[in-house]
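Structure, as structure tokens:
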Amino acid sequence: MKDDDRRHPLRHASSDRRAAETVPDTAQTRAPAYRLAFTDDDFMCREELRPVRLQLELLKPQLMLDAEGVDSTIVLFGGARIPAPSERHTARTETLAELSRFYDETREFARLMTLKSMEGDGRDGVIVTGGGPGVMEAGNRGALEAGGRSVGLNIVLPFEQAPNEYVTPELCFNFHYFAIRKMHFLMRAKAICVFPGGFGTMDEMFEALTLIQTGRMEPVPFLLFGRAFWEKIINWEALADAGTISAEDLDLFSFVETAAEAMDLIENWKVTPPREKIPGR
């Protein structure tokens, strides 16, 4: 009886990888051409291999999330620069210091949602964040404090970057491609919660809204925490008045202030199918 779950009798790739590490040291075996293709970093990083790398970044988290039993997620977007209230004195601006209250709201929302998830088998409604500091840290922290799991989708940046300490290690992923990372945020999403943030937060927010607006994604609870912040940053009504979006598009999201409000909206959400046409066109 085989001790693995392969569906064929051929030699395992990892066996050949180990064997290749112990070959005699000769001019031939030292040559780049002799390296196994899938263990050759220089080869894998060639420009022509970009389609393969894209596929690998899509496939690896997909397989691992399936194996870990994550069926659906609650997506949390928000600013990396927002400090915990206890650290508000470190904020670069007074506005950031005031926004620190959303660290605690994120943390509490993630805690409540994780408890809700654990009332079942813990496979649905798993918290997912970008895995970094600020609001992301608060989300992973709240899930851990509830005794549950959470996902972190980190990304390599030009400056020092590491996942926060509250992400479940088995569900902590690292990405090179922003586009593939965004796909993983939305592929399992049953709700999207957006907290105050900057360019990255708004990029993720508008891309998700566009997918719902155009019928490429089923509508899900789409909650913006902090009406005052979002209405100061974005003139939503002006977009509708200008006709660049329709008035109906303003119904794709809701403003909330607290974790309790968000929980209530999600729990009472009525499932609707994707749009078949875009209002105003």
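Couple of notes before you dig in:
- Test: Asn235 is crowded, with 20+ Cβ neighbours inside 10 Å and of a type in the set (S, T, N, Q): no
- Test: residue in the stretch 192-206 that is within 21 Å of Trp269 (Cβ to Cβ), under 15 Å from the mean Cα position of the chain (by Cα) and surrounded by fewer than 22 Cβ atoms within 10 Å (Cβ to Cβ): yes
- Of the residues in the stretch 69-79, not one is under 11 Å from the mean Cα position of the chain (by Cα) and more than 21 Å from Ile266 (Cα to Cα).
- Qualifying positions in the stretch 227-281 - in contact (Cβ under 8 Å) with a residue 40 or more places away in the chain, aromatic (Phe, Trp, Tyr) and not in a helix (DSSP H, G or I): Phe253, Trp269
- Residue in the stretch 122-135 that is surrounded by fewer than 24 Cβ atoms within 10 Å (Cβ to Cβ), at pLDDT 95 or above and among the acidic types (Asp, Glu) present: yes
The values are calculated or read from the model by the stated rules, or taken from the named source; none is laboratory data. Bear in mind that the values here come from a model prediction, so they are computed numbers and not experimental data. Because the Cβ atoms are built from the backbone with ideal geometry, glycine has one as well, and the counts that use them run over all protein chains shown.
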